[in-house]
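**Student:** Submitted below is the structure of interest, expressed as structure tokens.
The values are calculated or read from the model by the stated rules, or taken from the named source; none is laboratory data. Given the structure is predicted, the values throughout are model-derived calculations rather than measurements. Backbone-built Cβ (ideal geometry, glycine too); neighbour counts: all protein chains shown. These accessible areas exclude ligands, DNA and RNA; they are computed on the full protein's heavy atoms, side chains included. Shrake-Rupley method; radii C 1.70, N 1.55, O 1.52, S 1.80 Å.
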Amino acid sequence: MAAPASLDELRAELGGAAVLTEADGVERYVVPARGAAGVAEAVVRPASVDHVRQVVAWARRHSVRLIPQGTNTGLVGASTPGPAGEVVLSLERLAPDPIIDPVDRTAVVGAGTRLSTLN
């Protein structure tokens, strides 16, 4: 369980916009495309790979379970927290504009890129 003091520690490391709690409206992170909604103690939205490292180190220090989440648009079911309450590690801020090469028919995208954005 993530104590409020530990979440404050994470906010200090990553910035206030990176850590959301129930008061900030985390519903879209806990409701899957199908199935029952889960419970998130917080949603952490790192803006860089280095921030992801910091979040994982923080979670390890405080024994907090992380649920990684790309864009929560899939139907696979494992992208939302369960009823016990975990911390969602959202990758949505790791989605810069895609780099598309039409000649080679390739695209380079970030971890939180929505397919609709790529299309």
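**Student:** Does residue 11 meet the test of being of a type in the set (D, E, K, R), open to solvent by less than 70 Å² (accessible area, probe 1.4 Å) and within 12 Å of the chain's Cα centre (by Cα)?
**Tutor:** no
**Student:** Within the range 15-35, track down each residue that is open to solvent by 50 Å² or more (accessible area, probe 1.4 Å) and among the β-branched types (Val, Ile, Thr).
**Tutor:** Across the range 15-35, the qualifying residue is only 31.
**Student:** Does any residue of the range 97-105 turn out to be in contact (Cβ under 8 Å) with a residue 12 or more places away in the chain, within 21 Å of residue 16 (Cα to Cα) and of a type outside the set (Gly, Ala, Ser)?
**Tutor:** Within the range 97-105, not a single residue is in contact (Cβ under 8 Å) with a residue 12 or more places away in the chain, within 21 Å of residue 16 (Cα to Cα) and of a type outside the set (Gly, Ala, Ser).
**Student:** In addition: Residue under question is residue 3, and the condition is that it be touching a His at 6+ places or on another chain (Cβ under 8 Å), modelled with pLDDT under 85 and open to solvent by 40 Å² or more (accessible area, probe 1.4 Å); does it hold? I'd like the intermediate steps shown before the answer.
**Tutor:** Details: touching a His at 6+ places or on another chain (Cβ under 8 Å): yes; modelled with pLDDT under 85: yes; open to solvent by 40 Å² or more (accessible area, probe 1.4 Å): yes.
Spelling it out, residue 3 is indeed touching a His at 6+ places or on another chain (Cβ under 8 Å), modelled with pLDDT under 85 and open to solvent by 40 Å² or more (accessible area, probe 1.4 Å).
**Student:** Okay, moving on. For residue 44, which of the numbered conditions (1) within 20 Å of residue 3 (Cβ to Cβ); (2) modelled with pLDDT under 85 fails to hold?
**Tutor:** (2) is the only condition that residue 44 fails.
**Student:** Take the residues in the range 75-115 that are charged (D, E, K, R) and loosely packed, with under 12 Cβ neighbours inside 10 Å; name whichever of them is farthest from residue 44 (Cα to Cα).
**Tutor:** Among those that are charged (D, E, K, R) and loosely packed, with under 12 Cβ neighbours inside 10 Å, it is 104.
**Student:** Additional query: If I ask for residues that are within 18 Å of residue 24 (Cβ to Cβ) and either surrounded by fewer than 17 Cβ atoms within 10 Å (Cβ to Cβ) or among the hydroxyl-bearing types (Ser, Thr, Tyr) (or both), which ones from the range 36-65 would you list?
**Tutor:** 37, 39, 47
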